[in-house]
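One structure is given here, and the rest of the page talks about it.
The values are calculated or read from the model by the stated rules, or taken from the named source; none is laboratory data. Note that this is a predicted model, so its numbers are computed, not measured. A quick note on method: Cβ atoms are made from the backbone with ideal geometry, for glycine too, and the neighbour counts reach across all protein chains shown. Ligands, DNA and RNA are excluded from the accessible area calculation, which covers all protein heavy atoms including side chains. Shrake-Rupley method; radii C 1.70, N 1.55, O 1.52, S 1.80 Å.
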Amino acid sequence: MSMWVDKYRPRSLDELDYHKDMAQNLKHLVKSPDFPHLLVYGPSGAGKKTRIAAILRELYGPGADRVRIQRQAFDTPSKKKIEITTYSSNYHIEVNPSEVGFQDRVVVQELIKHVAETHPLDQHPFKVIVLQEVDRLSKDAQDALRRTMEKYISSCRLILCALSTSRVTPAIQSRCLPLRVAAPSKNQIVKVLQIVSKKEGIIMPLELADRISDSADGNLRRAILMLESCRAEKYPFVDKQPIVEPDWEKYLRETAFIIVQEQSPQRLLLVRERLYELLCHCIPADLIFRGLLKELVKNCDNQLKAEVCAEAARCQWRSTRGSKTIIHIEEFVAKFMAIYKRFIEQAMMADDFDD
Amino acid sequence: MDFDLMEPLSYDDGEDEENVKSGRKRFGTVNIEETSRSSKRQRCQDVKSYKYGTVEITEIEDVVVEDEGDGSSNVQVSESDLRSQFNGDGEKAGTSRSAMGASVKRNLSMSSSSFRGASTSSSSTIRDIPLEEEAPTVRYRRVLKRIPNDIPYLPLTCEDGSRLYLRLKPTDSLEDTSKLGTTSSRFNILPGWNDIKNEARILKDKFHKELAKTVERDVVSRPVDENNENEDSKVPDSLWVEKYKPRSFLDLLSQEDVNRALLHWVKLWDKSVFGVDYLAKVKATREKYAKLEAQEKEKNEKYHKKSYLPLNEEYDEGGRPNIKVALLAGDPGLGKTTCAHIIARHAGYNVREINASDDRSIQAFRKFIDDTTQSRSEIFQDGRPNCLIIDEIDGAQTDSVNVLVELVTGNATESGKKKIKKVLRRPIICICNDLYATSLKILKKYAFVIQFPQIGVPRLIDRLNEVSDREKLFLDSKTLQNLCHKSECDIRSCLSTLQFLKRKRCSPQDALFAQVGMKDKSKGIFAVWNDIFTLPEEKKYHDIHDPIKPEFRFRNILKTVQNFGEYQKLMGGVFENYLNVKYRDSYMQTVIEGLEWTTWFEDIREYVERTQTYGMFGYLPMYFVMSHFLYARRDMSRIVFPNYELVLKLNKIQSAIKTQITETSIATARFLDPYMLITDVYPALLSIIQPGTIRPVPTQIWTDKEREILQNVVELMLTFNISYTQTKNPETGAYAFVLEPDLADMVKFKLQESVVSKKPFPYAIKQLVSREIDTEKLRRNDTVPDVVQKETFKLPETPKSNVGSTPKSKALETLNKTMVSVARDFFGRPILAAAETSPEAEAKKKSAAAVYFRFKEGFSNAVRRYIKIRDLA
């Protein structure tokens, strides 16, 4: 028995609950003789990995589900050993190269070479390599990838999985068939939740499903997890059943509130402590940026929104390059503080003037 | 006739000036005047007659110097009672001054009066010094009651134990310049002087004989400076640093209280090394002068920051001082090594030194220490006991230093013979630049730490002046002052620079001078941060090198940062501290500008690292210059070190997740990535595996649904490889089940809003879950044949390791039962009772006799059970 997320995960393309037309297209694609490299992208919890697994099953049959875990070791050019976890069946191999940090180039090169050199034994003309989190790959690794993608096209195909294409180099994008898995809409989430609760044999009020899908923000995985934790908290469901939200989200919201409350270097120091707390709990900087921006913008006048968003974008973009993300988040907070404070004081002056 | 010394002892220059005008002959640097108005009269028998200022003093120093040069441990010098009769020229003061019965007594040892009792006083009388003698006009006339900080001075002790400090007149003319610690023949013109000298010699000889009785020693041949002048011409290459090295305690330029503190510590060893109870003597004198001592202390404390903590003077049972190591710390060129050498010699030791240039591996280090401090033959090698000086100890390996620590703490043992503890019998003086080196962390606790203060500029200038005059360089004091500032009062670099100038025969005003003598010294990281965050002090005099000017601030910071080198580390500190600066602008413009510079720094650094273009590295220090101009304030609050705990915590969580994800069952892990785990899955999982729908009631009255949920929880926990571990609260002694890995620690935050606190998951259910997990694990392992064997071998331990924890041992007992019932053979088949009788099974049993029984913890006879191998295998 496993979590509901895994338990009710669709196994094949036919079972998918939404984006059905894409599923149909994929079925045709699998049947066609020239299966291309794929770049599957979309927000977290939209069902990218589910779809990749379904494609594999469609390609190779149920044998693709028999996955084993392996630790593979590679030697870097400087004779340093690196290890990486791979999930592989007879037909494919899944790997997350960003696991080894800046050495990912070695993994990409060695692994693809290794897989591509051995031709598949049965009737399938090619193997599949699934690379997770391609947007976290270093530029070197991505450059290494583009050559190997062409070189070994006869014996293997790549399925790349990424959150967004913005950090995937255009060279790679152009070599793949991009496949956008959009986040499910609110209604789609509600529908899935209903299916799950029906299969699980629990009675879920529609109001709860609505609230969960609101709170999940397009993340189906989180929605199902929330439903399950609600079930664990209290069942039968009551009115105003509390939804278990991750702590870090609440914490981020509080942080945003602190920023709006007061704008001063001392306050920034306090905010920094909280940011450190978030970062050292492994919360990715992207999520922090997004969470903060979402909350901060709520307090902004329309004319400020654009300005704040632009600053957030700039800082986030910078944060993807440097190693010290805290600097960039702090820069964004400081800039927001300055913008907001100036705006508030101007507004107050204007008010005084009106009076 | 006795002379009354008054308080206050300093006289204003005005009067002196007047006296000079009136044509009176001056008697040296000290102007002692009787003031009958003063109510507090102190009789001072021993006042040195400072006729001719420095001249006499130097002469007497010489006597002393020779004494020390011989390394006597108990130097008792003194000793010429100069009695002079002045026939006044009819002036008012004549009556008081003319009859100047001043006996001079100089006591040079560390605690001024401690040796007095033993000293044989001798006196010679100078009579009728003709007043027509040349008397230099003196401008500095002060008798000070506290240790003067920067000026050259001469300490002297009055009969009642109070100490006075005479300011010495800086000698400018070549004639006045006497060699360091040497006699200048010209002073022989003083009538009676030779008498004094002879007297002193006799005294000295007598003293030596006494000393020789206690410890046989050779007289160290000391380079006599008289010959130096000639030698120099022959050997022009001898370094001035060597040539003008202080030869005696009095020559030391470092602050007197520091020197004294060290000497005092070395002297504490007398009891065990020489068999002289030094401390008793000190105590006796201290009692005698207790009041004065207190006054002195008060005075000195007011004006001086102590550079060392008060010393624990107690002896241990072996008659050795409790603190067995002295640790001198300070910047290079302050004279630490010289000071240590001279003091060790002064106290009668033979100096053995080990420094960074020697082999300092653990073995070599241990051998050296043992040789010098332990073995008898070495100890008395040249007639004097060894004093070990470990120079540059901060560069030694931590392990090597720990050898020393072991010896000091008395934990070191003789190799081979385990029970005999090594005893440190000789003083060890360690010297380091960086007191905060990690290798010294432990040693510091056991050592008498003395931080060398900076040398006073005037004292250094005075010394340099002497040297430059002797070397016929004739530099003016302004130039010397510049030199001192440049080298940050590094004596070595000053002397070397002077020598360089002499060799090059260029005028000091040359532009070259601006370049030489600059120290390429790196500061500690805190010092660099301090420089960045504080505005430089305004100098009293205004010259072109005023550090407050922006261009000099720019240059200074740039230089400091470049010398330090580790930009990223520095940047971490700047970033950590910049928000503590007080800002004046209301819209945080400075903060934002600073942050933009910080991101600029990060951009460049990242670029350098990525593309390996180290040419760009040179621009990084500009960030710190910019930071300085943005953040420097007069009053910077304490600089804090970047918090590395956060990094540790991050690493901890990251590695925990990494291992978790590999141990999660494959079907689930395939769809996970670490970030997803922390942001989505674990927060939900935490509430799912601790469901609120299970009632904390006995399992018998549970509904089927509840059982199902429990089953589900167990399965989930197994899927994610999470379990409970039983821990004991060290304070309350209560047991608690903690999740392993601790999910709550990973995903919980300290929220402000008062969350409706969830009822804690009841202990009983946790216990139940934990037991279920264990059984389930066992059951699953059971299907894998190999593991059965493993489990079997572990079995004997289980009853032992859980003594005292009743709930768990109960659970384990149930486990044991299951274990015994499921005992299977290698192939997973249940072992049949019949099989045991067969010969094969017998053989198998013998071969499988590798049953290890290891006692782990608890009381051995608490639970003792006989278990037969047969039952287990």
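Here is a check on your reading of the model: is A:ILE129 open to solvent by 10 Å² or more (accessible area, probe 1.4 Å), at pLDDT 85 or above and among the hydrophobic types (A, V, I, L, M, F, W, C)?
no
Scan segment B:368-418 for residues that are on the phi > 0 side of the Ramachandran plot and either acidic (Asp, Glu) or modelled with pLDDT of 80 or more (or both) and jot them down.
B:GLU392
Could you pull out the residue among A:THR325, A:THR320 that is open to solvent by 20 Å² or more (accessible area, probe 1.4 Å), modelled with pLDDT under 90, in contact with a Ser or Thr (Cβ under 6 Å, 6 or more places away or on another chain) and within 13 Å of another protein chain (Cβ to nearest Cβ)?
None of the other options fit; the residue is A:THR325.
Can you tell me which residues in segment B:425-471 are assigned to a loop (DSSP other than H, G, I, E, B) and either under 20 Å from B:LEU263 (Cβ atoms) or open to solvent by 30 Å² or more (accessible area, probe 1.4 Å) (or both)?
Of everything in segment B:425-471, those that are assigned to a loop (DSSP other than H, G, I, E, B) and either under 20 Å from B:LEU263 (Cβ atoms) or open to solvent by 30 Å² or more (accessible area, probe 1.4 Å) (or both) turn out to be B:ARG425, B:ARG426, B:PRO427, B:ASN433, B:ASP434, B:TYR436, B:PHE452, B:PRO453, B:GLN454, B:ILE455, B:GLY456.
To keep it simple, each residue is scored yes or no on (1) more than 11 Å from every other protein chain (Cβ to nearest Cβ); (2) surrounded by fewer than 17 Cβ atoms within 10 Å (Cβ to Cβ).
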{"position": "A:MET3", "(1), (2)": "no, no"}
{"position": "A:LEU38", "(1), (2)": "yes, no"}
{"position": "A:PRO62", "(1), (2)": "yes, yes"}
{"position": "A:ILE84", "(1), (2)": "no, no"}
{"position": "A:PHE102", "(1), (2)": "no, yes"}
{"position": "A:VAL106", "(1), (2)": "yes, no"}
{"position": "A:GLU110", "(1), (2)": "yes, no"}
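Quickly run through segment A:266-278 and pick out the residues that are open to solvent by 20 Å² or more (accessible area, probe 1.4 Å) and within 7 Å of chain B (Cβ to nearest Cβ).
Within segment A:266-278, A:LEU269, A:TYR276, A:GLU277 meet the criteria.
In segment A:233-247, what residues are assigned to a helix (DSSP H, G or I) and more than 29 Å from A:ASP286 (Cβ to Cβ)?
Scanning segment A:233-247 gives a single hit, A:GLU233.
Would you check which residues across segment B:577-593 are more than 9 Å from every other protein chain (Cβ to nearest Cβ) and at pLDDT 85 or above and list them?
B:ASN577, B:GLU593
Residue by residue through segment A:294-316, note down the ones that are closer than 23 Å to A:TYR251 by Cα and open to solvent by 40 Å² or more (accessible area, probe 1.4 Å).
A:LYS294, A:LYS298, A:ASN299, A:LYS305, A:CYS309, A:ALA313, A:GLN316
Restricting to segment B:663-708, what's the tally of residues that are open to solvent by less than 30 Å² (accessible area, probe 1.4 Å), more than 8 Å from chain A (Cβ to nearest Cβ) and farther than 27 Å from B:PHE749 by Cβ?
2
Give segment B:612-632 a look and list any residue that's surrounded by 14 or more Cβ atoms within 10 Å (Cβ to Cβ) and within 14 Å of chain A (Cβ to nearest Cβ), or say none.
Across segment B:612-632, the qualifying residues are B:LEU620, B:TYR623, B:SER627, B:LEU630, B:TYR631.
Select, from B:GLN660, B:GLN654, the only residue that is of a type in the set (S, T, N, Q), open to solvent by 20 Å² or more (accessible area, probe 1.4 Å), at pLDDT below 85 and assigned to a helix (DSSP H, G or I).
After ruling out the rest, the residue left standing is B:GLN654.
Return the residue satisfying two criteria in turn: it lies in segment B:624-646 and is without any contact (Cβ under 8 Å) to a residue 60 or more places away in the chain and of a type in the set (A, V, I, L, M), and of such residues it is nearest to B:PHE601 (Cα to Cα).
The qualifying residue nearest to B:PHE601 (Cα to Cα) is B:MET626.
Give the residues of segment B:550-604 that are out of contact with any Phe, Trp or Tyr (no Cβ under 8 Å at 6 or more places or on another chain) and outside any helix (DSSP H, G or I), sorted by residue number.
Scanning segment B:550-604 gives B:GLY565, B:GLU566, B:LYS582, B:TYR583, B:ARG584, B:ASP585, B:SER586, B:TYR587, B:MET588.
Restricting attention to segment B:638-646, does a residue exist that is of a type in the set (Phe, Trp, Tyr), modelled with pLDDT of 80 or more and surrounded by 19 or more Cβ atoms within 10 Å (Cβ to Cβ)?
Looking through segment B:638-646, none of the residues is of a type in the set (Phe, Trp, Tyr), modelled with pLDDT of 80 or more and surrounded by 19 or more Cβ atoms within 10 Å (Cβ to Cβ).
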